[in-house]
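One structure is given below, encoded as structure tokens.
The values are calculated or read from the model by the stated rules, or taken from the named source; none is laboratory data. As the structure is a prediction and not an experimental result, all values here were calculated from the model. Here Cβ is always computed from backbone atoms with ideal geometry, including for glycine, and neighbour counts include all displayed protein chains.
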Amino acid sequence: MSEEQYNPTRVTLLAKLKNTENTKAWLEFEGIYRAFILSLIVRMGINQHDAEDISQAVLTKVWQKIEDFEYNENKGKFHNWLAAMTRNTVRDFFRTKKNFITGRDSVEYQEQYLDIEEQVLPDIENLAREEWVLHITNLAWENIKSDIYKTKRNVFKMVAQEIPTKKIAEKLGISTASVRVYKAEVFEKMRAEINRLNRELG
């Protein structure tokens, strides 16, 4: 993907976000971070419907509090700030929900919340780290795949599925040496793109 197609760096995008009237910047932000926030919430064991509501609430809070985040490459990562915002929003969601639910549903919600609060939320940074790795890897692949011709893309996909080199060669009608070369080339492109994205978005 060209620099023109993928323009915002972390610093410039966050600077744009501090102008709450910058609609384009917010659309860019949602396109980059919404999937990460949603996957983190689902990873907590929250159902998809509630996760969608919570992720929207997180984005609203970010819009309200983005000025509280000051970028410093030597301090906490931006995705950790988002994770903390997500953790607090999950707490608020369950505490509010239980006030509007009665009977058995109320008990189930309370049990689910206690389980999340005691076992999941204390480990939020580790969960966020794992989800961020997956998220940034997917972003990297989306950014580079159009620049890689079909056979190399297929090699990479099969390697990701842990298909043996010999089997890949047979399926694609190429040599095992070619499989290894293509794998190395794509992994190097992925590594470079992941590093770039982490610097700009992490």
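Structure values in brief
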read-out: Criterion: in a helix (DSSP H, G or I), more than 18 Å from L121 (Cβ to Cβ) and either at pLDDT 90 or above or in contact with a strand residue (DSSP E or B) (Cβ under 9 Å, 6 or more places away or on another chain) (or both) - qualifying residue of A35, A51; value: A35
read-out: Residue within segment 161-174 that is under 26 Å from L201 (Cα atoms) and of a type in the set (A, V, I, L, M, F, W, C) present; value: no
read-out: Residue that is nearest to the chain's Cα centre (by Cα) [pool: residues in segment 116-132 that are within 12 Å of T86 (Cβ to Cβ) and charged (D, E, K, R)]; value: E131
read-out: Residue within segment 190-202 that is touching a residue at least 60 places away in the same chain (Cβ under 8 Å), surrounded by fewer than 18 Cβ atoms within 10 Å (Cβ to Cβ), in contact with a Phe, Trp or Tyr (Cβ under 7 Å, 6 or more places away or on another chain) and under 22 Å from E28 (Cα atoms) present; value: yes
